[in-house]
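Notes follow the structure.
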Amino acid sequence: MRTAAPLVLPVLVASLLLTGCGSERAGSPSGGSDARGDATGASPRSPGSDPGPHGVRITGLTTPSPGGPSAISAAYEVTNDGTEALTYTIVFDFTTDAGAVMDNTRQTVRDVGPGRTVRRTVDMPPAMGGYDLTRIKVSEVTAVPAGEAPAAPGECPPSGVRVFADEGDAAMGLRVVGLWLENCTTGAYRVEGYPRLTVLDEDRAPVDGVRIVHGSGGITSAPADVDDPPRPLTLKPGERARAGMVWRNTTEAGTPVDAPYVRVRPKSGAAPVMVTPHLDLGTTGKLGVGPWSTP
């Protein structure tokens with residue numbers, strides 16, 4: 001077990017200036033926002049290459065040109081220096097020359113094996129065509145064990161249920177993130193009570209000193225459903241259940257806690273799924289969780 005670590009901000013360092021027109025694109029197309037690391041483009045890491053922040057770096061750029069590309073894009077690499085296969089989620093910011101972030105996009109690169117480098121590209125969101133964008137930068141990287149990553153869209157994992165976290169909501173220091181459980185099998189799935197949670201640090205190690213309480217635990221202004229009593233649920237194929245996580249990022253005396261990852265088990269004995277809600281718990285050290293309930 002590890003003690004609560006000081007607040008760690010997301011990596012905001014890998015950016016390149018878009019200069020020239022129609023510069024060559026390195027790498028191969030990603031084929032969408034969710035790509036597997038064992039697809040075309042996977043290769044052993046080149047000796048002496050710099051993997052960049054969290055193993056992600058931008059390697060090439062394409063700019064608009066007459067008769068050529070109509071939008072900017074960037075080629076990038078993901079290098080796994082670990083000992084197990086990882087699934088990466090990367091947020092790219094599209095900025096002006098002054099550094100103003102006008103939009104961002106998220107890509108998932110799945111199943112990057114240890115010691116492997118995967119090459120992909122990221123394209124400017126279509127809605128950003130009216131802005132003078134000159135930079136693309138990596139603003140955030142998370143990596144979870146491939147075997148614990150949330151299932152890709154349209155896929156049903158061996159457990160028969162998809163588990164994922166929503167984008168959440170924040171107001172006046174209160175943070176609320178929903179955990180979702182979807183039955184993707186052809187039979188019924190039964191669940192009762194609260195999800196089993198383990199709070200993890202940037203190295204995906206358990207964080208000591210965080211109290212997980214059932215219900216709001218006295219956290220003011222928490223949504224009412226967090227304090228609902230648990231009841232048995234039977235989810236038919238395609239049905240979903242939700243459990244809310246709630247916390248405050250109040251910082252007073254003590255060491256603030258920032259925990260990027262949470263390991264979720266829908267019920268005792270269920271297969272774990274690692275989500276990335278980025279728990280900025282401040283110095284409260286308390287995370288409230290509600291019971292599974294149907295929306």
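The values are calculated or read from the model by the stated rules, or taken from the named source; none is laboratory data. Bear in mind that the values here come from a model prediction, so they are computed numbers and not experimental data. Quick reminder, even Gly has a Cβ in these numbers, built from the backbone with ideal geometry, and neighbours come from all protein chains shown. Protein only, heavy atoms only, side chains kept; ligands, DNA and RNA dropped before computing areas. Shrake-Rupley method; radii C 1.70, N 1.55, O 1.52, S 1.80 Å.
Each label point was placed 7 Å from the Cα along the Cα-to-Cβ direction; for Arg190 and Thr251 their separation is 4.7 nm.
Pull up all non-local amide H partners of Thr251: gap of 5 or more, or a different chain, and H-to-H distance under 5 Å with H placed in the peptide plane. Result for Thr251 returns Thr283. Peptide packing for 134-147, 196-209 was compared via the average number of neighbouring C-beta atoms within 10 Å per residue; ordered from the highest value, the list is 134-147, 196-209. Per residue, the solvent-accessible area of the range 133-233 (1.4 Å probe, heavy atoms of protein chains only, all protein chains present) comes to 48 Å². Taking a Cβ cut-off of under 14 Å around Gly238, the surrounding Lys, Arg, Asp and Glu residues balance to a net charge of +1, with basic ones at +1 and acidic ones at -1. Close amide H partners of Asp280, meaning residues 5 or more places away or on another chain with modelled amide H under 5 Å apart, are Ala259. Remark: the range 190-199, residue by residue, has Karplus-estimated 3J(HN,Hα) of 10, 8, 8, x, 10, x, 8, 10, 10, 7 Hz, where x stands for each Gly or Pro and the curve is 6.51 cos²θ - 1.76 cosθ + 1.60 at θ = phi - 60°. Listed peptides 82-94, 182-194 appear in the order 82-94, 182-194 once ranked by packing, highest mean of other Cβ atoms within 10 Å at the front.
Working note: Karplus 6.51/-1.76/1.60 with θ = phi - 60° gives the range 153-162 the couplings x, x, 9, 10, x, x, 5, x, 9, 9 Hz, where Gly and Pro are set to x.
Amide H contacts for Ile72 (H built 1.01 Å from N in the peptide plane; partners 5 or more residues away or on another chain; cut-off under 5 Å): Met124. For the range 198-242 versus the range 153-196, the spacing of their alpha-carbon centroids is 10 Å.
On the basis of the beta-carbon distance and an R0 of 41 Å, Ala71 and Ala170 show a calculated FRET efficiency of 0.85. Remark: the range 201-218, residue by residue, has Karplus-estimated 3J(HN,Hα) of 8, 4, 8, 6, 9, x, 9, 7, x, 9, 8, 9, 10, 7, x, 6, x, x Hz, where x stands for each Gly or Pro and the curve is 6.51 cos²θ - 1.76 cosθ + 1.60 at θ = phi - 60°.
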